[in-house]
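Shown next, in structure tokens, is the structure this report addresses.
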Amino acid sequence: MTDLFALAASMADLQGDRPLPPVETWNPDHCGEIDITIRRDGIWVHEGSPIGRTKLVRLFSTVLKREGDDYFLVTPVEKLQLTVEDVPFLAVGMEVDGDGEGQTLRFRTNVGDEVIAGPDHPITFRRDPRERADDGALVPYVEVRAGLKARLTRTLYYDFVTLLRGDPPSLRSAGAVFPYEEIDSRKP
């Protein structure tokens, strides 16, 4: 089944204000691919057209699963591969509480998730692959859940870098320290 609305209908019972579905425990057989791409700019595209229904994008984001470098939409009985150009989410909001060792950074994603950066939601950095290695600034990513990451938007990045402290620079959140250094140049 690769029809977008049929897939959404099969997931209807997953909607609402319930906790996120336990996709990490679902291991259905691979059913094929679905023509959905999550673009670098955070836009979800189906068969070449942006998905304009925010609730539909949110629903799909709750059943997104990463296995290695591949991404899938999963239900208890189906698993469809989709394309992700960089990472599936964008961090579009940031709240800073406290400072120094007591500082916490709370991020909000373009699909409505909220996470506090810390041991369970680490911040990592990598160079923008579209730039020359010696020119590209380090791009921050925060883990949202189960290997799914959000890239900080450019606007958020400018606020974020003002929080870097020390030599070498790093930042703190929820008791964790995140050095401003490239951890891995592969896809986050």
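Of all the residues that make up region 45-83, how many are under 13 Å from the mean Cα position of the chain (by Cα) and in a strand (DSSP E or B)? Number satisfying all stated conditions: 4. Against the conditions (1) touching a strand residue (DSSP E or B) at 6+ places or on another chain (Cβ under 6 Å); (2) touching a residue at least 24 places away in the same chain (Cβ under 8 Å); (3) surrounded by 12 or more Cβ atoms within 10 Å (Cβ to Cβ), Arg145 satisfies every one except (1).
Of the numbered criteria (1) under 23 Å from Val161 (Cβ atoms); (2) of a type in the set (Gly, Ala, Ser); (3) not in a strand (DSSP E or B), the one Ala91 fails is (3). Pairs are defined by a Cβ separation below 8 Å, a sequence spacing of at least 6 or placement on different chains, a first member in region 167-184 that is touching a residue at least 40 places away in the same chain (Cβ under 8 Å), and a second member that is open to solvent by 60 Å² or more (accessible area, probe 1.4 Å) and β-branched (Val, Ile, Thr); the pairs so defined are Leu171/Val177; Ser173/Ile116; Ala174/Ile116. Residue count for region 20-51 under the criterion of being out of contact with any helix residue (DSSP H, G or I) (no Cβ under 9 Å at 6 or more places or on another chain) and open to solvent by 70 Å² or more (accessible area, probe 1.4 Å): the result is 9.
When you scan region 99-111, how many residues do you find that are assigned to a loop (DSSP other than H, G, I, E, B) and either modelled with pLDDT of 95 or more or open to solvent by less than 50 Å² (accessible area, probe 1.4 Å) (or both)?
Narrowing region 99-111 to residues assigned to a loop (DSSP other than H, G, I, E, B): 99, 103, 110-111.
Those left that are additionally either modelled with pLDDT of 95 or more or open to solvent by less than 50 Å² (accessible area, probe 1.4 Å) (or both): 103, 110-111.
Final tally of qualifying residues: 3.
Scanning region 164-188 for residues that are modelled with pLDDT under 95 and aliphatic (A, V, I, L, M) turns up Leu164, Leu171, Ile183. For region 118-137, the condition of being outside any loop (DSSP other than H, G, I, E, B), at pLDDT 95 or above and open to solvent by 40 Å² or more (accessible area, probe 1.4 Å) holds for at least one residue.
The values are calculated or read from the model by the stated rules, or taken from the named source; none is laboratory data. For clarity, every value in this text was computed on a predicted model and none was experimentally measured. FYI the Cβ positions are ideal-geometry reconstructions off the backbone, even for glycines, and counts take in every protein chain you see. Just so you know, the surface numbers come from the protein's heavy atoms only, side chains and all, with ligands and any DNA or RNA stripped out. Shrake-Rupley method; radii C 1.70, N 1.55, O 1.52, S 1.80 Å.
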